[in-house]
Amino acid sequence: TERLRQVLLEPLQANAGAGQNMADGNPMFTVGRGNMVAAGAVLSVASLTVARNALRTAKGPRGEIFALKPWAILTHPLQETVAQQVLTQIAANQVSNVNPFGGQLELIIEPGLTSTTGWYLLADPSLNDGLTHAFLSGQSTPKVESRAGWETLGMDFRLVWALDAKFVETATW
């Protein structure tokens, strides 16, 4: 639903796109964390290689190497064609022309992203914590409440759905 999409986008787009502040007080995406490719890096095999290396060599707070496997690219619809080109398998006649990402990653298109050129490489969310969401008291769907109208004839209705989303791990994006 649209409400869930918006809640999931909030931590991603906080701090002008640098992501929510984490426990150390810094935004989710920083060069210092190693989870941000140089500003302005367009989606390409070269920039995706840098991002993949960063994901594979990401370290935890005690220096442990996570060795995360890239799973998907998330980007804006205006980058969809470029992303499809980067992810397309080709029959190369030279090793140097082989696309190492062909058929290897999922493509997620999100029109709610504020950056039309930004992109994210994600580790598999079924295997690794990253962006997570929760519902109040397990209420995974909206709840409709009603009561008899007092000021007008009829019924008063309201929709209640308590949910939130946060990044819990910096290495997975």
Task: Kirkwood Rh in Å, taken over region 108-173 so that all alpha-carbon pairs contribute - done: 15.6
- [ ] With unit charges on the beta carbon (Lys/Arg positive, Asp/Glu negative), name the residue among T88, T152, V45 whose Cα is farthest towards the positive pole of the charge dipole of the chain.
- [x] V45
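Once you have a ≥ b ≥ c as the square roots of the Cα gyration tensor eigenvalues for region 1-84, tell me rounded if a/c is under 1.5, and otherwise prolate or oblate according to whether a/b is larger than b/c.
On the way: a/c = 1.69, a/b = 1.09, b/c = 1.56.
In terms of gyration-tensor shape, oblate.
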Open item on the list: Could you compute the longest span of the chain free of GluC sites (Glu not before Pro) located in DSSP loops and having at most 12 other Cβ atoms within 10 Å, not counting the site residues?
Closed with: 65-150
Task: Stretch gain in nm, segment E80-E2, where the contour uses 0.36 nm per residue and the Cα spacing is subtracted - done: 26.0 nm
- [ ] Give the ranking of K166, K59 by solvent-accessible surface, highest area first, calculated with a 1.4 Å probe.
- [x] K59, K166
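The values are calculated or read from the model by the stated rules, or taken from the named source; none is laboratory data. It should be emphasised that the depicted structure is a prediction, and the values quoted were computed from it without experimental measurement. When we count neighbours, we look across all protein chains shown, and the Cβ atoms used for this are built from the backbone with ideal geometry, even at glycine. SASA here: full protein model, heavy atoms, side chains in, ligands and nucleic acids out. Shrake-Rupley method; radii C 1.70, N 1.55, O 1.52, S 1.80 Å.
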